[in-house]
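One structure is given below, encoded as structure tokens.
Nothing in this text is a laboratory measurement; each read-out follows from the coordinates by a stated rule. Please read these numbers as outputs of a predicted model, since none were measured by experiment. Here Cβ is always computed from backbone atoms with ideal geometry, including for glycine, and neighbour counts include all displayed protein chains.
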Amino acid sequence: MSTIFGSFEAAKSGLSTSLLQRNVTEQNIANANTKGYTRQRAITSAKEPNSSNYLIAPRHSALVGQGVEVTKVTQIRSQYLDAQYRKLSSDYFAGDAVDEAMTYLCGVLNELDEDAGLTVAIKNFYSALNTFTSDPSSREYRTNVQQQAQALTDTFNTIYNEMMSLWEDQNASIKTDVEQINAYAEKIANLNLAIARATQAEAATNDLKDELNLLLDELSEYVDIEFEFKANDTVDVYVGGHLLVSGRYFNKLNVTSKASEVDAITAQIAQLNRRIMAAPEGEKEAIALERSALIEKLADYGFTVQEETGGEEGAVSLKLPNGRYLVNGTQSFSSAQAMSDLLPMDQWVAFSQNTVSIDVAAGDGTEPLDFGGAVKGGRLYGHMRMAGSLDKDLQGIPFYMNELNELARAIAQDINDIHQQGYTYPYDGKESRSGINFFHVASRQDEGGNTIYDYSTLTAGNLRLSDEVKESPFNIAASDKPIDLSAGSTESGNNLNARRLFETLSQNGYYDRLNSIVADLAIETDTVQNIKTTKNTLLISVDTQRQSLSSVSMDEETTNLIMFQQTYNACARVVTTISEMIDTLINRMGV
């Protein structure tokens, strides 16, 4: 560059570049506290000499460039650190969801409280049995056994119901997580469209990309994701190898369960009951046919219901074999709760748990997203684990519900087997008799007329005293021989059966089984918390690296502001100097 006006253009480029750099710095400072904002930098490049544009160019090296230009305004961020952060975020929030549920379970069992909990209830029950053996004829001791047994069943019921409530919360959280994931997917797809349009129009996209990256950060809290940025700055997002977002399109996640499908049918049946009750006589038959079709549809789910009529006019009630109602007149009930003691735990989980699937492009249906398979992290993983896992190595709420059920069944069956062999104490004209259960258990008659007891339907949630023991403490069978109050010295019987009841505590190791449940929970909770703490430490470390690279440093930006201002002033001084040179050239040269 050899002309005076060429020098003017170089100075002019310096002015405009410094002004743009100052504007970028001001934008950084203004957004220093904006969540998700990534600091920006104006990338500059020297303009080359223009001698090469001439047909005959000077052959010497004393050529100067034409000034400076801004090639682009870029963001300072690392995709590697972003990927690391999002992976650790998924792991951390998966652990956080599990930790919350495990901590709640520890509180439900409450075994650290010396005045409450299942250990105390078992201890009090057997202490009452021990005292009872000293005088089986004592109404006071019998009543104490009855009351402590009632307290034991109440404790089992309460703990189980709390577990069931926690399970319902975790199961509902799966649906909430999926709704949140779908909302993020839709927002990302919309941002992809906005970025693509801005790129096509050669407009700035940095602020849109900030919002996009923030959404990816937040999405990683709910599910583990893989992502790939395209040349036009849009992003494709994958969940478990399945495409969630591509360009402006996204595939929705779906939540369903057999229980929710049954609940939808029973709700319709209850609604039809209301319509039949209110409809004119000529319309009742058509509504009843519609209702019958829905009742027949329930058979597709592998269980039978008993229809009951009566009560409210025209209404039909549906009762399960365990005596619980799915529909009672105009009211429907949760099938998950109603069937909790009708199916083995693994089948009940398969029936009740919310399952997740993802739409497949081109309308080809859906693909399941299995816990531990396609879904490996995020809150969704934690909630799916806690609502569905029966695995001892990956414990969920059903695992502990099943363990508690087995303990309740063991106590009930052991006590019942011994109690049936003993004899009750005569009272109110009733003779001493045997064959009475201490705890209630469902029964049926086989072809030979023999009573068969079904302990598979007994759970910690429905454990209760038998009707006979609940009716009177004298129906507690303490003697191994019939008691005849008119038989002189043998009128009060003996305590041999009562002693056998008491000895089941040491023989069958109920404390050991309960301690095993509590120990499993404590160890698993501690393990989850340790992993969560480790993941949190790593997450903070990676985020610190991200922030040191991408966040706004006020000290650095203030320094840049001064530097760019000085550069602007210097370029302005160059323009002033050139102006003076031109003035000399035009007005004073040759004078």
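What is the sum of charges around Thr459, taking Lys and Arg as +1, Asp and Glu as -1, for the other residues whose C-beta is under 10 Å from the C-beta of Thr459?
Numbers: positive: Arg409; negative: Asp341, Glu406.
Neighbourhood net charge equals -1.
Applying the criteria of a DSSP loop state and at most 15 other Cβ atoms within 10 Å to the GluC sites (Glu not before Pro) of segment 369-440 yields Glu431. For Ala442, the amide hydrogen comes within under 5 Å of the amide hydrogens of Asp454, counting only partners 5 or more places away or on other chains and with H modelled in the peptide plane.
Chymotrypsin sites (Phe, Trp or Tyr not before Pro) within segment 202-263: which are DSSP loop residues with at most 12 other Cβ atoms inside 10 Å?
On the way: sites: Tyr222, Phe227, Phe229, Tyr238, Tyr249, Phe250; in loops: Tyr222.
Listed in order of number, the matching sites amount to none.
Legend: P(r) of segment 379-453 from all alpha carbon pair distances, 10 Å bins from 0, whole percents, reading 16, 27, 24, 17, 11, 4, 0.
For segment 193-235, the square roots of the Cα gyration tensor eigenvalues, ordered a ≥ b ≥ c, give a/c of at least 1.5 with a/b greater than b/c, which places it in the prolate category. Full extension of the chain segment joining Lys297 with Ala522 gains 76.6 nm, where the gain is 0.36 nm per residue of separation less the Cα-Cα distance. Only the Cβ atoms of Lys and Arg (+1) and of Asp and Glu (-1) were treated as charged; on that basis the dipole of segment 353-482 about its Cα centre amounts to roughly 380 debye. Among the GluC sites (Glu not before Pro) within segment 77-118, those in coil by DSSP and having at most 12 neighbouring Cβ atoms inside 10 Å are Glu114.
Working from label points 7 Å from Cα in the Cα-to-Cβ sense, the Ser456 to Asp236 distance is 4.9 nm. With a threshold of 29 Å on the Cα-Cα distance, the over-threshold entries among Lys392/Lys532; Lys209/Lys258; Lys123/Lys430; Lys209/Lys376; Lys87/Lys209 are Lys209/Lys258; Lys123/Lys430. In order along segment 97-104, the phi-based Karplus estimate (6.51 cos²θ - 1.76 cosθ + 1.60, θ = phi - 60°) of 3J(HN,Hα) comes to 5, 5, 4, 4, 5, 5, 4, 5 Hz; Gly and Pro are listed as x. Across segment 412-470, C-alpha contacts under 8 Å between residues 6 or more apart give a mean separation that, scaled by the residue count, equals a relative contact order of 30 percent. How high is the FRET efficiency between Lys430 and Glu261 when r is their beta carbon distance and R₀ equals 51 Å, given to the nearest 0.05? Between Lys430 and Glu261 the formula returns 0.55. Within the chain, the longest run free of trypsin sites (Lys or Arg not before Pro) that sit in a DSSP loop with at most 11 other Cβ atoms within 10 Å is 60-391. Would you list, by chain and number, the lysines whose Cα falls below 19 Å from the Cα of Lys47, excluding same-chain residues fewer than 8 positions away? Cα-Cα hits under 19 Å: Lys12, Lys72. Dipole magnitude for the chain: computed about the Cα centre from +1 point charges on Lys and Arg Cβ and -1 point charges on Asp and Glu Cβ, it is near 2340 debye.
Taking the inverse of the mean 1/r over every pair of distinct Cα atoms in the chain gives a Kirkwood hydrodynamic radius of 31.1 Å. Entry note, segment 381-451: relative contact order of 17 percent, from Cα contacts under 8 Å with a spacing of 6+ residues.
Dipole orientation for the chain: of the candidates Asn161, Thr205, Ser134, Thr205 has the Cα lying most toward the positive pole (charges on Cβ; Lys, Arg +1; Asp, Glu -1).
Can you give the translational diffusion coefficient of segment 397-519 in µm²/s, computed by Stokes-Einstein from the Kirkwood radius over Cα pairs at 20 °C and 1.002 mPa s?
Working: Rh = 15.8 Å.
Roughly 135 µm²/s, to the nearest whole number.
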